[in-house]
Amino acid sequence: MRTALALAGLAILFTSPVLAQSAAEKTGVNSVMGVAPRTEDFVTEVASSDMFEIESSKLAVERSQDAATKTFAQQMISDHMKTSAELKAMIDGGKVKAAIPSAMSSAQQSMLDDLKKLNGDDFTKRYHSDQEDAHEDAVDLFKRYGDEGENAELKAWAAKTRPALEHHLTMAKDLNK
């Protein structure tokens, strides 16, 4: 499967040079191949992910009956609001040339919409699962950009921020046990 995905990504890269990296990032090919996202893709994915984290965690604070989940959710709100503010400051300060999206991705919005339909244990289980998935993706994204990103300041920020995301992933996995 990975080989087929990688080959499909290579086909995209060679047939569509203007959109190549965006398409490869969007389809997951860059992740499979360990390729850093373009700066614009990184900013879009980080901002979108932060929006999902904040909104889904607000729901968890309201709906979960589990104290550990509420504590985790409150930390996600705080930490992801901080990363959103840091990213915005780099862009507003002219250090990063990219635009922050005004809404999360359609996939993340769909996950949030599905979460909104749930209550009780069903809600908590889905929230835990979504958090683990989202943080696995975030750790991978920040690792790839922190290792080989094209903007030096954003690359340093990604490398500095990654340990917190790895900690979030560990906490999410612990909630999922």
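No lab work stands behind these numbers, since they all come straight from the coordinates. Predicted model, so just to flag it, every value in this text is computed and none were measured.
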For each pair in Lys88/Lys160; Lys58/Lys97; Lys58/Lys95; Lys117/Lys143; Lys117/Lys155, compute the distance between the two Cα atoms and list the pairs where it is over 26 Å.
-> Lys58/Lys97; Lys58/Lys95; Lys117/Lys143; Lys117/Lys155
Separation of alpha-carbon centers, segment 30-81 and segment 102-160, rounded to whole Å | 5 Å
Report the extension gain between Leu59 and Lys82 in nm, rounded to one decimal, defined as 0.36 nm multiplied by the number of residues separating them, less their alpha carbon distance.
-> 6.4 nm
What are the aspartates and glutamates whose alpha-carbon lies under 13 Å from the alpha-carbon of Lys173, with same-chain residues fewer than 8 places away excluded?
-> Asp130, Glu132, Asp133, Glu136
So who's got an amide H within less than 5 Å of the one on Glu150, skipping anything under 5 residues away but keeping other chains? H placed 1.01 Å off N, in plane.
-> Thr39
